[in-house]
Amino acid sequence: MTPQTLPRIVVERPDERTLARMSVRTWPIWTKEPSTFDWSYDSRETCYIVEGKARVKTDDGVVEFGPGDLVTFPPGLTCVWNVLERIRKHYRFD
């Protein structure tokens, strides 16, 4: 998967040093079975995808991400999540 950036969502591929510096593996874990649902963000969410695959659609386009991706969603974003494969992620809200 290549890094993707839409105006509102950022997907990166951090190395282990970056993940350790951010203490990503101490963040809470969220899991979700394949499904489609509307979502909106009141604050910025940063999440690290441990397993699974999802596609998020916004007015600006579609972003797909999976294991090893660090994804940042900005506050005020309204989108539709399509969980393609059971997802497990560490997450943090700022």
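Looking at region 8-25 only, could you name the residues that are in contact (Cβ under 8 Å) with a residue 60 or more places away in the chain and assigned to a helix (DSSP H, G or I)?
Within region 8-25, VAL24, ARG25 meet the criteria.
Output the qualifying pairs, or none if there are none: Cβ atoms under 6 angstrom, residues six or more apart or on different chains, first residue in region 55-82 and farther than 19 Å from ARG13 by Cβ, second residue loosely packed, with under 14 Cβ neighbours inside 10 Å and among the polar types (S, T, N, Q).
That search, which allows pairs on different chains as well, returns PRO75/SER43; THR78/SER40; ASN82/THR36.
Inspect region 71-94 for any residue being at pLDDT below 95, of a type in the set (D, E, K, R) and part of a loop (DSSP other than H, G, I, E, B) and give the result as yes or no.
Within region 71-94, one or more residues are at pLDDT below 95, of a type in the set (D, E, K, R) and part of a loop (DSSP other than H, G, I, E, B).
Among the residues of region 36-44, is there at least one that is surrounded by 15 or more Cβ atoms within 10 Å (Cβ to Cβ), among the acidic types (Asp, Glu) and not in a strand (DSSP E or B)?
Taking every residue of region 36-44 in turn, none turns out to be surrounded by 15 or more Cβ atoms within 10 Å (Cβ to Cβ), among the acidic types (Asp, Glu) and not in a strand (DSSP E or B).
Condition check: out of contact with any helix residue (DSSP H, G or I) (no Cβ under 6 Å at 6 or more places or on another chain), surrounded by 15 or more Cβ atoms within 10 Å (Cβ to Cβ) and either in a strand (DSSP E or B) or hydroxyl-bearing (Ser, Thr, Tyr) (or both). Does VAL50 satisfy that?
When the stated conditions are applied, VAL50 passes them.
Quick one: in region 62-79, which of the residues that are β-branched (Val, Ile, Thr) and surrounded by 20 or more Cβ atoms within 10 Å (Cβ to Cβ) is farthest from TYR41 (Cα to Cα)?
Out of the qualifying residues, it is VAL63.
The values are calculated or read from the model by the stated rules, or taken from the named source; none is laboratory data. If you're wondering where the values come from, they're calculated on a predicted model, not measured in any experiment. All Cβ positions, even for glycine, are placed from backbone atoms using ideal geometry, and neighbour counts span all protein chains on display.
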